[in-house]
Amino acid sequence: MSLKAVLVVLLVQSCLFKSLPAQSQQLALTPPMGWNSWNCFHENINEQQIKEIADAMVSSGMRDAGYEYLVLDDGWMAAERDENGNLQADPERFPNGMKAIGDYIHSKGLKYGIYECRGYLTCQKLPGSFEHEEADMAIFASWGVDYIKLDACYAEKNGRLTTEDLQIYKDAIAKTGRPMILSISDFGNGAWVWGGKEYGQLWRTSYDIYPWIENVYHHAESSGGDLRIHPAFNGLWQFAGPGHWNDPDMLEIGNLKSELGDKIHMSLWCMLASPLMAGNDLRTMSDTVTQVLIASEVVAVNQDPRGHQGYKVFDNGKQQVYNKPLSDGTTAVLLFNKDSVPANVSISWTEIGLAGKQKVRDLWAGKNLGVYKDGFTAWLLPQHGQYLLKVGKSGGEPITGPQPVSEEKYLATKNGFSYLSDLYYIMKYGQAPYYDQNPYGDSIVIDNQSYGKGIATQNGTILLYKMAGNSNRFRAMVGVDASYTGEGTGRFRVLEEDAFGGKVLFDSGLMTKDSSAQQIDIDVRGMDCIFLKFDGKEGAVGAWGNARLVGLWDEHRVTYEEAYVDSIIQESELIPIKLTGPKDNRINIVIINRWEKRDENPYNSPEMLIYDGKLSDKERIKIENSLIEKWLN
């Protein structure tokens, strides 16, 4: 297709789209459903396969059950762009081109999804979209694409933060005038932290899924458990809702070893309000697999318009219970057993906001089980056995879900210091950190210096903390904790926002137990998130002594002699505070509070006097000296 033809198509689409009311432009108000080629065919896809899959989506009843997107993953494109720099189909695999396959998909009453990567190459080393973003989104729109899966391979070479990358795609998609879902596939890079919903409709919470049940459980924990976030959040439920969904990756139903495995996989993804992207060969699937995928009452839990992600009520490591409040006043409850030994699993109505006698329906069996008082017990569930229930009477007021974690628990404060050990991390990879102690319960000790505050990490750990622009500097002393006596090494790094951006703020290099402590003192003004990474070898314990964020102090900021103020901040553990008064007098800057000696918050102290410049210099100096004396000693 010529550039002129592309522009004509886009102009028509833009006019049509802009004429729609705002509500009509909202996408993915329930989790997207469809099929993706990767889990079944990997990169080995072709035109005939995709047409047969489209046919099977219709004949199997999947389309009518809600599976509307047919997504071509990596492997559809030619190894080189055309002479105009545009993406083009692999001529052998898709001889009629990508618009033709899209037209076929649309002719079946389905929607057309396609894959690209924001790096310069895709994961299969085909042309990526880096520095071709606008042109690629334009040509996708001209082909009639409805859904874009955007991968992140090689994106660390872009030299841009993920949010900077995604803003480019958001703008490029909007410019086409065609509504296209953007699925952010970034290996669980913390989109719920830095606002993925501002750019796309769903984001990955995990690495790639594989077809064994233990891996399915692991991926469920990335959205429903503490695999990726502080345990206090009880999963990522508070960051999902209509138009923005946590995605623990595609379905492996039909690729697992048993019907029990397929069913618990389906139940978990439905309870977690996860996108439902099938990944099996629909052309040859059994009727049993088909019925798992299209079970109407189970799918309805996933597609409930309230959009509340399910959350854990009980988890002892072997058995789990999830609850998902629904829009009709009932609630969905999943009880299941992961253990190899049969087990009873129970739920009390009071745990999910109910009481007394409640109607209970088995959603997999499609039958009412009766009225149960005070709770329900699933008796002797086998391994991977479950009950997926609908509890309560429809038509009533919606059942209240849990309270979300308040921002004060995880967001750095503007005033004073925020110790990382006093904040909840909001994204994690690897082992959870130890707060204010080493892994053995003792004080953190680096280079013979003991620290009462700080975090300790071991092996490979990534932590993301939320600043939201509230912080001025990040400070810590780092080194291998004295508790470690081995010969392993550790490396400490601090980055802005995420690993893909590559914006390294600090890198210790390799350190051993004999290395001297290193001081971190870096400017983080204007940053949304801070990304801490420790790579430990042979069990080395990485210690971040007195790791803290220094408040921004914007409300008090001196707007003159900033070089003087900045030099003070960089050279000391001091925060400048502005008091009102003559702007030509440095005495207006009161230097307060060495952090390690502070015993109260100066911002809340009644002695923090705000004066109007009417005091004499002598009186002003006396007040300021008294404050300095108190807070430095």
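Taking amide hydrogens as placed 1.01 Å from N in the peptide plane, the amide H of ASP73 sits under 5 Å from those of SER37, TRP38, each at least 5 positions away in sequence or on another chain. A 1.4 Å probe, protein heavy atoms only, puts the accessible area of ARG160 near 50 Å². Entry comment: accessible area of region 238-359 is 32 Å² per residue, from protein heavy atoms only and a probe of 1.4 Å.
Here's how it looks for ASP304: its modeled amide H is under 5 Å from none belonging to a residue 5 or more places away or on a different chain.
Residues in region 89-104 carry Karplus couplings, in order, of 5, 4, x, 8, 7, 10, x, 8, x, 7, 5, 5, 5, x, 4, 5 Hz; the curve used is 6.51 cos²θ - 1.76 cosθ + 1.60 with θ = phi - 60°, and Gly or Pro positions show x. Among the protein heavy atoms of region 309-446, carbon and sulfur supply 47% of the accessible surface, probe 1.4 Å, non-protein parts ignored. Per-residue SASA remark: CYS123, around 50 Å² accessible (1.4 Å probe; ligands, DNA and RNA not included). VAL371 sits among other residues whose Cβ lies under 12 Å from its own Cβ, and their net charge, with Lys and Arg +1 and Asp and Glu -1, is +4. In the context of the full set of protein chains, residues of region 393-547 present 40 Å² of accessible surface per residue (probe radius 1.4 Å, heavy atoms only).
Around the amide H of GLY454, modelled in the peptide plane, lie the amide H atoms of SER421, ASP436, ASN546, ALA547, all under 5 Å away and 5 or more residues distant in sequence or on another chain. If you take the Cα centroid of region 410-450 and the Cα centroid of region 320-351, the two points sit 34 Å apart.
Taking all protein chains as they are arranged and a probe of 1.4 Å, the heavy atoms of THR284 leave approximately 100 Å² accessible to solvent.
Identify the residues of region 267-288 with backbone N under 20 Å of a label point that sits 7 angstrom from the Cα of TYR210 along the Cα-to-Cβ direction, or state none. Output list for this probe position: 279-281.
Carbon and sulfur together cover what percent of the accessible area of region 451-528 at a 1.4 Å probe radius? List each step's numbers first, then the result.
Details: 1230 of 2630 Å².
Ligands and nucleic acids excluded, carbon and sulfur give 47 percent.
Taking 7 Å steps out from each Cα toward its Cβ at SER296 and LEU380 produces label points 3.4 nm apart.
Per-residue Karplus couplings for region 408-415, computed as 6.51 cos²θ - 1.76 cosθ + 1.60 with θ equal to phi - 60°, are listed in order as 4, 7, 10, 9, 4, 7, 6, 9 Hz, Gly and Pro entered as x. Compared with the direct C-alpha span, the chain from TYR424 to GLU407 gains 5.2 nm at full extension, assuming 0.36 nm per residue. Charge tally for ILE455 (other residues, Cβ to Cβ under 11 Å; Lys, Arg +1; Asp, Glu -1): -1. Across region 176-275, how large is the tail of the calculated P(r) beyond 24 Å, expressed as a percent of all Cα pairs? Cα-Cα pairs of region 176-275 separated by over 24 Å account for 21 percent. Summing Lys and Arg as +1 and Asp and Glu as -1 over all other residues whose Cβ lies under 13 Å from the Cβ of ASP362 gives a net charge of +4.
For the set ARG548, ARG493, solvent exposure ranked by accessible area (probe 1.4 Å, protein chains only) runs largest to smallest as ARG493, ARG548.
With a Förster radius of 51 Å applied to the beta-carbon distance between LYS357 and THR284, the computed FRET efficiency rounds to 0.65.
Here the Karplus relation 6.51 cos²θ - 1.76 cosθ + 1.60, evaluated at θ = phi - 60°, turns the backbone of region 199-208 into coupling constants of 10, x, 10, 7, 8, 6, 10, 8, 6, 5 Hz, with x for every Gly and Pro.
So if we plug the beta-carbon distance of ALA174 and GLU83 into 1/(1 + (r/R0)^6) with R0 = 22 Å, what FRET efficiency do we get, rounded to 0.05?
Numbers: r = 28 Å, r/R0 = 1.27.
According to the calculation, E is roughly 0.20.
Averaged over its residues, region 54-197 has an accessible area of 34 Å² per residue, based on protein heavy atoms and a 1.4 Å probe.
The stretch between LEU505 and ASN46, if pulled fully straight at 0.36 nm per residue, gains 160.8 nm over its current Cα-Cα span.
The values are calculated or read from the model by the stated rules, or taken from the named source; none is laboratory data. Just so we're clear, the structure is a prediction, and the values are computed from it rather than from any experiment. Note that each Cβ is placed from the backbone with ideal geometry, even for glycine, and that neighbours are counted across all protein chains shown. Calculation scope for accessible area: heavy atoms of the full protein, side chains included, ligands and nucleic acids excluded. Shrake-Rupley method; radii C 1.70, N 1.55, O 1.52, S 1.80 Å.
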